[in-house]
1. Among the trypsin sites (Lys or Arg not before Pro) within the range 427-487, which fall in a DSSP loop and have no more than 14 other Cβ atoms within 10 Å of their own Cβ?
2. Could you compute the net charge surrounding Asp407? Neighbours are other residues with a C-beta less than 13 Å from the C-beta of Asp407; K and R count +1, D and E count -1.
3. For the pairs Lys14/Lys240; Lys190/Lys423; Lys134/Lys423; Lys319/Lys446; Lys225/Lys413; Lys115/Lys423, flag any whose C-alpha to C-alpha distance is greater than 28 Å.
4. Which net charge results when you count Lys and Arg as +1 and Asp and Glu as -1 among the other residues whose beta-carbon is under 15 Å from that of Tyr434?
5. Looking at the range 57-166, which trypsin sites (Lys or Arg not before Pro) are DSSP coil and have at most 14 other C-beta atoms within 10 Å of their C-beta?
6. What shape does the range 186-298 take by its C-alpha gyration tensor, where a ≥ b ≥ c are the square roots of the eigenvalues and a/c under 1.5 counts as rounded, a/b above b/c as prolate, and the rest as oblate?
7. Relative contact order for the range 284-381: what percent, with Cα pairs under 8 Å and sequence separation of 6 or more?
8. Along the charge dipole of the chain, pointing to its positive end and built from +1/-1 on Cβ of Lys, Arg, Asp and Glu, which listed residue (Ile447, Ala288, Tyr170) has its Cα farthest out?
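The values are calculated or read from the model by the stated rules, or taken from the named source; none is laboratory data. Quantities reported herein were computed from a predicted structural model and do not represent experimental measurements. Counting neighbours? That spans all protein chains shown, and the Cβs are built from the backbone with ideal geometry, glycine included. Areas reflect the complete protein model, heavy atoms only, side chains present, ligands, DNA and RNA absent. Shrake-Rupley method; radii C 1.70, N 1.55, O 1.52, S 1.80 Å.
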Amino acid sequence: MDQELLPIVEALQKHDRKNPTSMHVPGHKNGRVMPAHGQALFSSVLPFDQTELTGLDDLHAPDGVIACAQKLAAAVYGAKDTLFLVGGSTAGNLTMILASFRQGDTVLVQRDSHKSIINGLRLAGLRPVFIFPKYDNKTQLSLGVTESMVEQAFVQYPQAKGLIITSPSYYGWTQSLSEIIHTAHKRGAKVLVDEAHGAHFPASSVFPPSALEQGADVVVHSAHKTLPALTMGAFLHLGKTGSVSLQALKDAAAIVQSSSPSYPILASLDIARHYVHTVQQFDQELLARHFLAMKSNMKSATGLTVVSPPDGIYEDPLKCIVQAPTGYSGWTLQHYLEEENIYPELADSKHVLFIFPLVLDTEQEGTYTKIRKSVNRMMTETPKKEFDSMTMPTSFFLHEAEKDWADEMFHVKQQQVPLMNAKNLTAGTDIIPYPPGIPLFLKGEKIMGERYDFLVEWLAKGGRIQGGEMNKYGDWYLNIINKDENE
Ligand SMILES: Cc1ncc(COP(=O)(O)O)c(C=O)c1O
């Protein structure tokens, strides 16, 4: 297939060249009806914000330019089929779970999954058995689940119909998945991979191997996270194993996505796929040297320690994890970086995560100087505190969800109680350190044990959560199931 084509982009440009009169949605009428403040932001995009017109296509029943663009994407990614998504990997995760299993099925799920995986399990009415990942002793970052953990889980739950894993982690660490996938396939289970952070992996051998290449059945990519795509642009790939039906994926995607998908997002997916092809043509040695240089410059020019994964774990060269200097949290460092207009992807109690751009040029003018300045300012203005890495709670390895874990999704009565009084009460909603968006407590779980201690420490050190609120005095309140119903 000719990867130089840009079917959706070209169809939109062709339509625009006709100087068309819009007698259809959207209401901005190719930009004619848009106040000046809206024009200032969107004028170049509005002519391309179209609907299912002749010459364009229908995302939910594509037979024209969208179908062609999806085929090009499948070819570049080595997938059997690819669907374009306008609702991010969130839509992809919901879709793949709904399409792959039947209500009541038992599935093995990596516990440090994004909330969209957890919500997919709920919507599909599945019985999850969570596998707690391994954590790196030094950094307390997730290393994912191992083949032996997966094997052991299948021994204990031979009825499991699938395995849902996340790889790479938000921090860009991943491992060889082939054996894990093979183990699940031996048991007749489907393997679904949330590879939201790895949409660029097939672009170069400099990046870790992709889940599709390693035999996964369905894979989700947030194109918008690392490729030049608009926010919410994502891919859903069907692997070559053919164990999940394309029609089921299409049906599920039509349930979770808008019936008016955004053409700017779809066009940007066309561009992102084309960019993967472009990067494949780069001089790969040069690309490898480029990323090594980016990291080594980060070290030498800023004085920060760049974190490397332990042996056996691949690291995405686009991700750069730096450690906050001793005595400071990652959140404090993030604050000082933002004062210099440097915006990292996220921070935690000990680290700041940067994402490098996928281009072969030097850093944006002055970036490292500004980072160094932020570090120096932090160290002169803010006194050091005793600050250890927070230990991730790992109290259970295999953990079966309560039988009725998803039954009362919306209808339980909730109230807010101060964090200090929430111990041993039942979470009324998922409690999610954010970012990275991995639920610590699921709705219906007792707020207790080392996870409670972790939460208290996380909030005390400056972390934020979803599933609670901070009042104007800085005290945190958690949503719990109404007290009467707790007793
Ligand atoms: C691992 C993982 N999966 C899925 C998602 C959801 O992706 P999106 O924002 O594209 O909906 C995220 C978002 O950060 C994520 O980190």
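1. Taking the range 427-487 and a limit of 14 other Cβ atoms within 10 Å, the loop trypsin sites (Lys or Arg not before Pro) found are Arg464, Lys472.
2. In short, +1.
3. Lys14/Lys240; Lys190/Lys423; Lys319/Lys446; Lys225/Lys413
4. -2
5. Arg102, Lys138
6. oblate
7. Contact order relative to length: 29 percent.
8. Ile447
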